[in-house]
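The values are calculated or read from the model by the stated rules, or taken from the named source; none is laboratory data. Keep in mind that what you see is a predicted model, and the values were worked out from it rather than measured. A quick note on method: Cβ atoms are made from the backbone with ideal geometry, for glycine too, and the neighbour counts reach across all protein chains shown. The accessibility values were calculated without ligands, DNA or RNA, using every heavy atom of the protein model including side chains. Shrake-Rupley method; radii C 1.70, N 1.55, O 1.52, S 1.80 Å.
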Amino acid sequence: MDFTFTEEQQAATEAAKAVFSGVAPDGVPSPALVPGAVAEDIDRPLWAGLASSDLLSLTLSPEHGGAGLDLVALCLVLRESAKVLARVPLLETCAVAMALQRYGNPRLAAELLPRVGRGELVLTVGANGRTGHDPAELAVTARRKAAAGISAGARADSDGGWVLDGTQSAVPWAQTADWIAIPAHTDEGRAVVALVEPAQDGITLAEQVSTSGERFAEVRLESVRVDGHALIDDAWAWEWLRALLTTGTCALALGLGEAVLAMTSQYTGKREQFGFPVATFQSVAVQTADRYIDLRAMEVTLWQAAWRISTGAAGALPAEGDIAVAKIWASDGVRRVVQTAQHLHGGFGADTDYPLHRFHAWAKQIELSLGPAAAHEEALGDLLAAHLLG
């Protein structure tokens, strides 16, 4: 496998580094010191900077004003964003835009995607379901049945539109988003994705706060009407969108872990004990070396998963296998990196004037989003059982 990045992908990385270079991880109050969200809105100046650098349109096709790059390029940008704890829904917006471009109504795509690329629209997605433990598409029902006086539940209007009922929890930045992608299931058990606006009749946003202190919402839908062109009915749309979100989250874990390891190396190189930098002590060196190995494993499994999704290349296992491996390493790896960093920083790591505790909070949020490694190992085992290697 050749993981050499193309010139376009390398250019995207350099552009991202330039945009994020002016972002301070401690630019908002500490999540440890405020009872609610650290801020009411996303980082709008940064969002405008991403748009002006053409990073929001990176994965859009040229017909929508984009560069036509793939998930690998997006993950490279996400990796840089996590190093500064960028408070923008870059992953959610780009993933929903990619799903709309690939599977959605062409008219709606032509209307929304150029505006997304210019930074005029913010998109997000409800990917956690009602509790975070069950598949997200089961949290909202969708019944396509053109008839009047249908009983409660999601149902189709006589004009071919849809009506949705259910709840999606922990939707990132839903209060400031212009559109929310809502996965749902039909009577036949198919997963569909509906695009709704937060201000629509029947939608209620209940305030929630993430572990990292960001503003989330529980999105409650009660007889919410959705036009047919705003519902993505392709059988693969939600599965593909979920794969984008998961792989992008692994990229965030990698970038955050790399930033934390760099902070730890700088600190242990300056902190002295018994007249020597603690970085020269064998126990410290071994722990940081172990975390470096974690990061390299997180990196190679991330690019394998992103490459499989982007190219659709065949393999011994479906792409879900590569995604599961990436999740195993990202979920466990990001936790081990921040725990080791806290240990090697000593009491200094808990100082709220020092940014390490912010990275720890974000790492915990990423770990919770990915889910436990044991669950992904079980899913990988099921795939191996269904696709015997030999």
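Within the stretch 270-300, if we keep just the residues that are among the charged types (D, E, K, R) and open to solvent by 50 Å² or more (accessible area, probe 1.4 Å), the residue that is farthest from T59 (Cα to Cα) turns out to be E272.
Yes or no: the stretch 91-105 includes at least one residue that is of a type outside the set (F, W, Y), at pLDDT 95 or above and assigned to a loop (DSSP other than H, G, I, E, B). So far as the stretch 91-105 goes, yes, one or more of its residues are of a type outside the set (F, W, Y), at pLDDT 95 or above and assigned to a loop (DSSP other than H, G, I, E, B). Filtered by the rule that a residue be of a type in the set (D, E) and either open to solvent by less than 50 Å² (accessible area, probe 1.4 Å) or modelled with pLDDT of 95 or more (or both), the stretch 359-381 gives a lone residue, E367.
Taking the stretch 177-195 as the range and being surrounded by fewer than 22 Cβ atoms within 10 Å (Cβ to Cβ) and part of a strand (DSSP E or B) as the test, the residues that pass are H185, T186.
If you filter the stretch 88-132 down to residues that are without any contact (Cβ under 8 Å) to a residue 60 or more places away in the chain and of a type in the set (K, R), you find that the one that is surrounded by the fewest Cβ atoms within 10 Å (Cβ to Cβ) is R115.
For the stretch 160-176, a tally of residues being part of a strand (DSSP E or B) and small (G, A, S) returns 3. Within the stretch 301-316, is there a residue that is among the charged types (D, E, K, R), open to solvent by less than 40 Å² (accessible area, probe 1.4 Å) and closer than 20 Å to L71 by Cβ? Checked against the condition, which is being among the charged types (D, E, K, R), open to solvent by less than 40 Å² (accessible area, probe 1.4 Å) and closer than 20 Å to L71 by Cβ, the stretch 301-316 yields at least one hit.
Taking the criterion of being open to solvent by 40 Å² or more (accessible area, probe 1.4 Å) and in contact with a strand residue (DSSP E or B) (Cβ under 8 Å, 6 or more places away or on another chain), would at least one residue in the stretch 328-343 satisfy it? There is no residue in the stretch 328-343 that is open to solvent by 40 Å² or more (accessible area, probe 1.4 Å) and in contact with a strand residue (DSSP E or B) (Cβ under 8 Å, 6 or more places away or on another chain).
Taken over the stretch 344-358, residues that are touching a Leu at 6+ places or on another chain (Cβ under 7 Å) and either surrounded by 15 or more Cβ atoms within 10 Å (Cβ to Cβ) or aromatic (F, W, Y) (or both) amount to 3. Screening the stretch 61-81 for residues that are touching a Gly at 6+ places or on another chain (Cβ under 8 Å), of a type outside the set (S, T, Y) and not in a helix (DSSP H, G or I) and picking the one that is least open to solvent (accessible area, probe 1.4 Å) gives G66. Figure legend. Inter-residue proximity from the stretch 55-77: first residues without any contact (Cβ under 8 Å) to a residue 12 or more places away in the chain and at positive phi, second residues crowded, with 21+ Cβ neighbours inside 10 Å and assigned to a loop (DSSP other than H, G, I, E, B), beta-carbon distance below 8 Å, spacing 6+ or different chains. Indicated pairs: G68/T59; G68/L60.
Of all residues in the stretch 347-364, those that are in contact (Cβ under 8 Å) with a residue 12 or more places away in the chain and within 15 Å of R335 (Cβ to Cβ) have Cβ atoms under 9 Å from Cβ atoms of residues that are outside any helix (DSSP H, G or I) and among the charged types (D, E, K, R), 6 or more apart or on another chain, in H357/D351; W362/E214. For A51, the test of being more than 25 Å from A305 (Cβ to Cβ), touching a Lys or Arg at 6+ places or on another chain (Cβ under 6 Å) and open to solvent by 10 Å² or more (accessible area, probe 1.4 Å) is passed. Within the stretch 226-238, not a single residue is open to solvent by 20 Å² or more (accessible area, probe 1.4 Å), within 24 Å of V338 (Cα to Cα) and not aromatic (F, W, Y). Evaluated against (1) open to solvent by 60 Å² or more (accessible area, probe 1.4 Å); (2) closer than 27 Å to W307 by Cα; (3) within 20 Å of the chain's Cα centre (by Cα), F20 falls short on exactly one condition, (1).
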